[in-house]
There are 4 protein chains.
Amino acid sequence: MPSDLRRERDRIRSERRRQAVLDAAARVFVRQGFHRTLISDIAAEAKVGQGTFYRHFPDKPAVFRAVFDRFAESLFAGFAGMSARLPRDAREYRDMSVAAIRELAKGLERNRELALMLLREAPTVDPALQERVDSLHDAFVDLARGYLDHAVAEGFARPCDTRLVAAAIVGLGVAMAHRWWIGRIPGASLDHMIEELVDLVFHGLSR
Amino acid sequence: MPSDLRRERDRIRSERRRQAVLDAAARVFVRQGFHRTLISDIAAEAKVGQGTFYRHFPDKPAVFRAVFDRFAESLFAGFAGMSARLPRDAREYRDMSVAAIRELAKGLERNRELALMLLREAPTVDPALQERVDSLHDAFVDLARGYLDHAVAEGFARPCDTRLVAAAIVGLGVAMAHRWWIGRIPGASLDHMIEELVDLVFHGLSR
Amino acid sequence: MPSDLRRERDRIRSERRRQAVLDAAARVFVRQGFHRTLISDIAAEAKVGQGTFYRHFPDKPAVFRAVFDRFAESLFAGFAGMSARLPRDAREYRDMSVAAIRELAKGLERNRELALMLLREAPTVDPALQERVDSLHDAFVDLARGYLDHAVAEGFARPCDTRLVAAAIVGLGVAMAHRWWIGRIPGASLDHMIEELVDLVFHGLSR
Amino acid sequence: MPSDLRRERDRIRSERRRQAVLDAAARVFVRQGFHRTLISDIAAEAKVGQGTFYRHFPDKPAVFRAVFDRFAESLFAGFAGMSARLPRDAREYRDMSVAAIRELAKGLERNRELALMLLREAPTVDPALQERVDSLHDAFVDLARGYLDHAVAEGFARPCDTRLVAAAIVGLGVAMAHRWWIGRIPGASLDHMIEELVDLVFHGLSR
DNA sequence: AATGAATGAGGGTTCATTCAT
DNA sequence: GATGAATGAACCCTCATTCAT
């Protein structure tokens, strides 16, 4: 049945188009921000007609949401492979944290402008987007809290309100990443910054 | 030629009007965000004609900037009276920090929605606004760093990269305030949160 | 009775004000044209408040009309003294024409920018103004025709459709004045131009 | 990627639309003048949306300029075929002039309202338009001067400042056309007027 | 009477969305 | 399905006119 073949080919081509528009949208959003971006800018960047944009996305917030979600997924995908082995003492715990954060930072470095843009713009796009940003944040807090609970249970860290501390750690991390990316942490290497921050926290949690 | 008296009375009345428009703008921005706010919304909220808006502000970004600046000034004004006495030991240092932060938090509580809005919207209004947010942040980092340097000099705190740590503390503070305000730190009192965070940092900086 | 005195003084002062606004309006119209001129421009130029403008003129077209009428009157006033003696031969006729036109030109030279502006702008202000420009033109045609009829009657000029020829002479005159003022008649003295044109016409009307 | 055929068809359709908007603009300008005409008037007259106007012209002065330029071109196009043969004596010269002017007048008769409007409004639209009107005038003066120089060289006309006289002739012609069109030359046929004027000038230039 | 702040209708322009080809 | 011209609602801003002081 050739029509099935044809249909499949069309589906693939359509999906490729959608990705192209999505990529273009991400680039333009990074360059101009959400509110200064016109549908025609995205279409032009993707080298398709404006009508084609509407075949793949119902409106501007929708394509922003798609950009955001794709980024969020890639972020978690980066974590999936990481949490392999649990540390056995405080020292190992600290070194693994440094390594993990370094890895995360390296991965983000490629998309830092995208990440910055999403952090900046998402809360003003839509209440829905605002919610998603907060949920993403929560997800990281939950992740951190899991590690922290383990550390407390194993006696690597002093007992504390782990939910609160996890939130603090994530908040600190996001804030510092932000300021690092916008160049407001001058005269320090990324590695130095990471070590200093991890030390601050580990020291702060030591028994 | 109008009398000086008349001119002065007009100036005062005009300033009152300007404040009324500014207040109205702040309320509408909080309610709807910058981008969903129309000039006509602001004028209606202030109960003046649209033309009156333009007598006092050249455009929407300008009134936003004015709202932002007024808030930033009130923020610093709140600090002016605080930094009276320097602490003489780590314990006093810790207690004073808790007290100061509590005070700050209480002051912000009244304007929390405004603060949230500014934090959220400012970076998408204007490159100039983005810069101002970052500078405000920097100002707090400098402030924190001053205290920190003193603490290290006096031996209350271990030596460290005070610039980095100050940035971390401010970042952590802003992030937690943010999450507290949006209700993502459930089941904890403000006082508990402040103490827990101050302890984390003080512990992290103890010798 | 002091109130009569007072009333008279007020009337004089009001009239002075009116003239000041009128002068200011003329200057601004010359500088910017009718359509680019705001009431506030006129008030500022006259150094009075906007409200004062409306005490003396109901709106913008009205003040333009007043500027126009004042100019038209001064134009005719200039002629009043001129038409003293009628010429007795063609030669005298020609010399008197040159002298009269020279006089007229000299008088206009002081107001040439005003004249140009009125010529340019009046037809687009108002149908009423358009009509007034045409009537002014007609008045000059009638004047010219009177002279012409006399010249034909006396045998200085060949018989012709004097209405048509008078219109042609005035049209030619206005057109040349216009082009002279805007600098499109380069490399000729005013006197040379006048003589050349008068000669053309007198030659054209000679028997 | 659209086919060449499609692109060509679109181009033609777009050009047709542009002409429709241009025609509509000319009609509305004639009816209401430049300054009383709204973009929405033009769009309504052309039976298109306001947005469509902006697809073809950036603003109101631009469409006026286009109307003006199209008229100016058609004016010159009318002349192209005319200046075929040069006259061999004064009589022929006179008759050819009458014929040419009659032809020109007939051609203009169809567009007399447009011509009047352009003459009236152009100088108040834009400094650029003012310049264009003057240049158009100059072009006619140059044309007339060419004929005049030839006439003098051949001895049909007496020596004179041909530039000045050419300017005078064109000025006279434009002024009379204007007054003819607005009905201020009552009781004379067009032909009579033309002959009378040509005679005046020819007589004026005869040896 | 003079002032100039206040007003809001008016009009230019943009741009998300539709739709004929 | 793809295109981009067409649309017109939406919104910003101006400025003639009014009016409280």
**Peptide B:116-124, shielding by other chains (average Cβ, 10 Å cutoff)** = 4
**Asked** When the dipole is taken about the Cα centre of the protein assembly as shown, and only Lys, Arg (+1) and Asp, Glu (-1) are charged at their Cβ, what size is it in debye, to the nearest 20?
**Response** 1020
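Quantify how strongly other chains surround peptide C:187-198 by giving the mean number of their Cβ atoms within 10 Å of each of its Cβ atoms. It would help to have the intermediate numbers written out before the result.
Working: counts 3, 4, 0, 0, 0, 2, 4, 0, 1, 6, 8, 0.
Other-chain Cβ atoms within 10 Å of each residue's Cβ, averaged: 2.
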**Prompt:** In degrees between 0 and 90, to the nearest 10, how far off the longest principal axis of chain A does helix A:2-32 point, with axes built from Cα atoms?
**Reply:** 60
**Prompt:** Between copies, how close do the B:E109 label points come, placed 7 Å along Cα→Cβ, listed in nm from shortest?
**Reply:** 4.5, 8.5, 9.1
**Message:** Under a crude label model (7 Å from the Cα following the beta-carbon direction), how far is D:R184 from B:W181 in nanometres?
**Reply:** 7.1
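Report, as an integer, the average count of C-beta atoms from other chains found within 10 Å of each Cβ along B:160-167. Please report the intermediate quantities before stating the final value.
Numbers: counts 4, 9, 0, 5, 9, 4, 0, 10.
The shielding value for this peptide is 5.
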**Prompt:** Nm distances between the label at D:E8 and the same-position labels in the remaining copies, 7 Å along Cα→Cβ, shortest first?
**Reply:** 4.0, 8.1, 8.9
**Fill in**
Restricting to Cα pairs under 8 Å and 6 or more apart, the percent relative contact order of region D:30-125 works out to 37
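Given R₀ = 56 Å, what would the calculated FRET efficiency be for C:Q32 paired with A:D95, taking r from the Cβ atoms and rounding to 0.05?
Numbers: r = 76 Å, r/R0 = 1.35.
FRET efficiency, C:Q32 to A:D95: 0.15.
Please get the size of the charge dipole for chain C, origin at its Cα centre, with Cβ charges of +1 on Lys and Arg and -1 on Asp and Glu, quoted in debye to the nearest 20. Display every interim value, and only then the final one.
Working: 32 positive and 29 negative charges, 167 e Å.
With only Lys, Arg, Asp and Glu charged at Cβ, the dipole is about 800 debye.
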**Asked** What are the ³J(HN,Hα) values, in whole Hz, obtained from phi via the Karplus relation 6.51 cos²θ - 1.76 cosθ + 1.60 with θ = phi - 60°, for each residue of region C:158-173 in sequence order, with x given for Gly and Pro?
**Response** 6, x, 6, 6, 5, 4, 5, 5, 4, 4, 4, 4, 5, x, 4, x
**Request:** Let me have the relative contact order for chain A, percent, based on Cα pairs under 8 Å that are six or more residues apart.
**Result:** 18
**Request:** Enter the angle in degrees (range 0 to 90, nearest 10) between the Cα long axis of helix B:90-110 and the first principal axis of the Cα atoms of chain B, meaning the one along which they spread out most.
**Result:** 20
**Message:** List the lysines whose Cα sits under 29 Å from the Cα of B:K47, skipping any in the same chain fewer than 8 residues away.
**Reply:** B:K60
**C-alpha center-to-center spacing [region C:22-68, region B:130-181] in angstrom** = 60
**Prompt:** Distances from D:K47 to the same residue in each other copy, label points 7 Å out along Cα→Cβ, in nm, shortest first?
**Reply:** 4.0, 5.1, 6.0
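Using DSSP to define loop residues, name the trypsin sites (Lys or Arg not before Pro) in region A:47-145 whose beta-carbon has at most 14 other beta-carbon atoms within 10 Å. Don't skip to the end; give the middle numbers.
Working: sites: A:K47, A:R55, A:R65, A:R70, A:R85, A:R88, A:R91, A:R94, A:R102, A:K106, A:R110, A:R112, A:R120, A:R132, A:R145; in loops: A:K47, A:R85, A:R88.
Sites meeting the loop and neighbour criteria: A:K47, A:R85, A:R88.
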**Request:** Relative to the longest principal axis of the C-alpha atoms of chain B, give the angle of the C-alpha long axis of helix B:127-154, reported between 0 and 90° and rounded to the nearest 10°.
**Result:** 30
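Cβ neighbours within 10 Å, averaged per peptide: list A:182-188, A:163-169 in order, most packed at the top.
On the way: A:182-188: 12.7, A:163-169: 23.3.
With the highest mean Cβ count within 10 Å placed first, the list reads A:163-169, A:182-188.
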**Net charge of Cβ neighbours under 15 Å - reference D:D41; Lys, Arg +1; Asp, Glu -1** = +1
**Request:** Please build a GNM for chain B, connecting alpha carbons under 10 Å apart, and tell me which residue among B:S97, B:S14, B:S74 fluctuates the most.
**Result:** B:S14
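Ratio of chain B's C-alpha Rg to 2.2 N^0.38 Å, to two decimals? Display every interim value, and only then the final one.
On the way: Rg = 20.8 Å, N = 207, 2.2 N^0.38 = 16.7 Å.
For chain B, the normalised Cα radius of gyration comes out at 1.24.
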**Prompt:** Which Cβ of chain A lies nearest the axis of the rotation superposing A onto D, and at what whole-Å distance?
**Reply:** A:G51, 4
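Only the coordinates and a few stated rules stand behind these numbers; no lab work does. What you see is a predicted model; the values in this text were computed from it and never measured. Methodologically, a virtual Cβ is constructed for each residue, glycine included, from the backbone with ideal geometry; neighbour enumeration extends over all protein chains shown.
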